[in-house]
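Asks: One structure, pasted below without further comment.
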Amino acid sequence: MITAKEIMTREVKTAHLDMPVQELAALLYDNKIGGVPVVDDDGRVVGVVTENDLIDQNKKLHIPTMVSFLDSVIFIDSAASFEKEIKKMTGSVVRDVCSEELHTVDEDTGLEDIASLISEKGVHTLPVLKDGKLVGVIGKADLIRIIAHGKK
């Protein structure tokens with residue numbers, strides 16, 4: 001069985017919560033990678049940031065639908081998600097734009113579980129942890145490389 005240990009990239013680029021967005025864009029572009037784990041001051045993985053998060057800064061803002069009823073305004077869409085969208089679009093540092101919904105695997109996680117997680121959760125960058133420490137990262141390109149070389 002192929003495991004995360006065999007397919008992960010070991011030289012992991014990371015972003016810090018206070019890294020400027022422009023510096024993050026340069027990191028992704030210069031290294032030709034689609035995303036990186038985000039670490040805190042103690043080096044713990046606290047999120048992931050991807051190209052999509054940067055692209056989201058330049059999209060059109062979706063104004064929530066609302067209804068006026070008896071001198072009240074009722075939002076059809078979530079006001080919290082609208083606030084989050086504005087924060088992401090106007091963010092200047094990684095903490096503003098990164099995804100805090102964190103999916104990770106350990107070194108012994110099998111290929112099928114990794115592929116399922118990436119597919120079902122829409123994960124682009126999957127940190128690999130050993131004893132809570134970042135030891136690697138798996139991206140979609142790593143899975144494609146395994147498929148291309150016929151390993152199963």
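The values are calculated or read from the model by the stated rules, or taken from the named source; none is laboratory data. Small disclaimer: the values here were computed from a predicted structure and weren't measured. We place every Cβ from the backbone using ideal geometry, glycine too, and count neighbours over all the protein chains shown.
Asks: Just give me the residues in the stretch 113-123 being surrounded by fewer than 19 Cβ atoms within 10 Å (Cβ to Cβ) and touching a residue at least 24 places away in the same chain (Cβ under 8 Å), in sequence order.
Replies: Quick first cut of the stretch 113-123, residues surrounded by fewer than 19 Cβ atoms within 10 Å (Cβ to Cβ) only: 113, 115-117, 119-122.
The one that is surrounded by fewer than 19 Cβ atoms within 10 Å (Cβ to Cβ) and touching a residue at least 24 places away in the same chain (Cβ under 8 Å): ALA115.
Asks: VAL93: at pLDDT 95 or above and β-branched (Val, Ile, Thr), yes or no? Break it down stepwise before answering.
Replies: On the way: at pLDDT 95 or above: no; β-branched (Val, Ile, Thr): yes.
Criteria not met by VAL93.
Asks: In the stretch 102-136, what residues are more than 14 Å from THR3 (Cα to Cα) and outside any helix (DSSP H, G or I)? Working first, answer last.
Replies: Kept after step one, since they are more than 14 Å from THR3 (Cα to Cα), are these residues of the stretch 102-136: 102-103, 118-125, 131-134.
LEU102, HIS103, GLY122, VAL123, HIS124, THR125, ASP131, GLY132, LYS133, LEU134 - these are the residues of the stretch 102-136 that are more than 14 Å from THR3 (Cα to Cα) and outside any helix (DSSP H, G or I).
Asks: Within the stretch 6-43, take every residue that is among the charged types (D, E, K, R) and within 21 Å of GLY122 (Cα to Cα) and give me the one that is surrounded by the most Cβ atoms within 10 Å (Cβ to Cβ).
Replies: Within the stretch 6-43, the first condition is being among the charged types (D, E, K, R), and the residues that meet it are 6, 10-11, 13, 18, 23, 30, 32, 40-42.
After this cut, where a residue has to be within 21 Å of GLY122 (Cα to Cα) as well, the list is 13, 32.
Working: LYS13: 14, LYS32: 7.
So, considering only residues that are among the charged types (D, E, K, R) and within 21 Å of GLY122 (Cα to Cα), the one surrounded by the most Cβ atoms within 10 Å (Cβ to Cβ) is LYS13.
Asks: Further, regarding this structure: For the stretch 1-28, enumerate the residues that are aliphatic (A, V, I, L, M), in a loop (DSSP other than H, G, I, E, B) and under 22 Å from ALA148 (Cα atoms).
Replies: MET1, ILE2, MET8, listed by residue number.
Asks: Residues being hydrophobic (A, V, I, L, M, F, W, C), out of contact with any His (no Cβ under 8 Å at 6 or more places or on another chain) and outside any loop (DSSP other than H, G, I, E, B): count how many of those fall in the stretch 29-43.
Replies: Residues that pass the stated criteria total 1.
Asks: Given the options VAL137, VAL128, name the one that is touching a helix residue (DSSP H, G or I) at 6+ places or on another chain (Cβ under 6 Å), buried (at least 17 other Cβ atoms within 10 Å of the Cβ) and modelled with pLDDT of 90 or more.
Replies: Numbers: VAL137 fails: touching a helix residue (DSSP H, G or I) at 6+ places or on another chain (Cβ under 6 Å).
Only one candidate passes the filter, namely VAL128.
Asks: Also, quick follow-up: Looking at the stretch 4-19, which of its residues are of a type in the set (Ser, Thr, Tyr) and at pLDDT below 95? Can you show your working first?
Replies: Of the residues in the stretch 4-19, the ones of a type in the set (Ser, Thr, Tyr) are 9, 14.
Matches in the stretch 4-19: THR9 only.
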